[in-house]
Amino acid sequence: MARSMFNDQITDSDAFLDMPLSTQALYFHFISSADNDGFVNNWRSIIKKTGAANNDFTLLIDKKFLYHFESGVIVIKHWRIHNLLRYDRYKPTVYQDELAMLDLQDNKAYTMKLIETDEAKDLFDYGDGLPNGNQRLTQVKISKVKISKVKISKDIEEPKQEIIINKNLDSSKKDKKFIPPKLQDVIDYCTARKNKVDPKKFYDFFTEGKWKDSFGKPVYNWKQKIITWEGRNNNKEVSTNAKSQETITPYVRREDR
């Protein structure tokens with residue numbers, strides 16, 4: 001595992017300090033548990049272990065400190081800003097499919113790609129945050145495409161080889177038209193995932209909000225938002241149990257009031 005460091009460019013920013021202390025603490029725990037590329041696969045266990053609330057997790061994605069993949073794994077957006085990698089200690093993440101969905105910006109922050117394809121439907125929507133949790137990217141999909149490679153040797157101390165990550169950005173980032181799902185679509189998806197999300201409550205919430213998130217930004221991937229609501233419901237149970245142990249008071253989002 002890479003050194004788990006914290007860059008005050010991120011942790012001293014207004015965007016970070018405006019969040020509740022419980023949310024900030026959860027972020028630090030995620031960084032401490034991340035692999036060398038910033039991926040965390042046991043975030044649910046960390047939330048439970050720390051007594052944090054799902055709203056803390058949701059807020060970190062809303063504020064774009066994390067990206068949440070449909071596979072369940074998360075990645076820390078500013079991982080390479082926090083951590084300087086040494087080649088002799090670097091161990092590539094096992095989540096290569098998810099890594100291939102990321103681009104590395106000039107400031108060393110991850111960003112999600114938008115790739116058109118017919119292969120994997122509606123995999124992510126990470127530009128808008130969650131219920132806002134992080135809906136149907138109607139025609140924005142991850143594809144079987146030719147992946148180009150970008151060197152990231154600048155992030156590695158004294159490299160004797162180049163560490164490569166996949167990169168393929170649709171620089172044009174054409175606007176995609178979002179077609180809201182029908183209630184039955186939501187019901188079918190929740191049934192398929194066997195979750196505890198109330199389909200009608202979810203559908204009414206976003207329909208009344210004209211399919212915009214809590215910051216007024218358009219929703220593009222309704223399925224990813226269901227996954228986040230699913231996580232919120234799961235962690236409500238964790239939060240309820242934690243209250244008996246005098247744990248952190250959950251942060252209340254605007255749309256939950």
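Brief remarks on what is shown
- Helices (runs of 4 or more DSSP H) within the range 1-107 that include 2 or more residues among the β-branched types (Val, Ile, Thr): 8-11, 21-33, 43-50, 54-62
- Residue within the range 114-129 that is farther than 18 Å from residue 19 by Cβ, modelled with pLDDT of 80 or more, assigned to a loop (DSSP other than H, G, I, E, B) and more than 16 Å from the chain's Cα centre (by Cα) present: no
- Of the set (1) in contact with a His (Cβ under 6 Å, 6 or more places away or on another chain); (2) more than 21 Å from residue 93 (Cβ to Cβ), all apply to residue 22 but (1).
- Test: residue in the range 2-20 that is surrounded by fewer than 22 Cβ atoms within 10 Å (Cβ to Cβ), at pLDDT below 90, closer than 17 Å to residue 81 by Cβ and in contact with a strand residue (DSSP E or B) (Cβ under 6 Å, 6 or more places away or on another chain): yes
- Of all residues making up the range 198-235, the number that are within 19 Å of the chain's Cα centre (by Cα), farther than 27 Å from residue 113 by Cα and either surrounded by 15 or more Cβ atoms within 10 Å (Cβ to Cβ) or modelled with pLDDT of 90 or more (or both): 2
The values are calculated or read from the model by the stated rules, or taken from the named source; none is laboratory data. Since we're looking at a predicted model, the values are computed, not measured. Cβ: placed from backbone, ideal geometry, glycine included. Neighbour counts: every protein chain shown.
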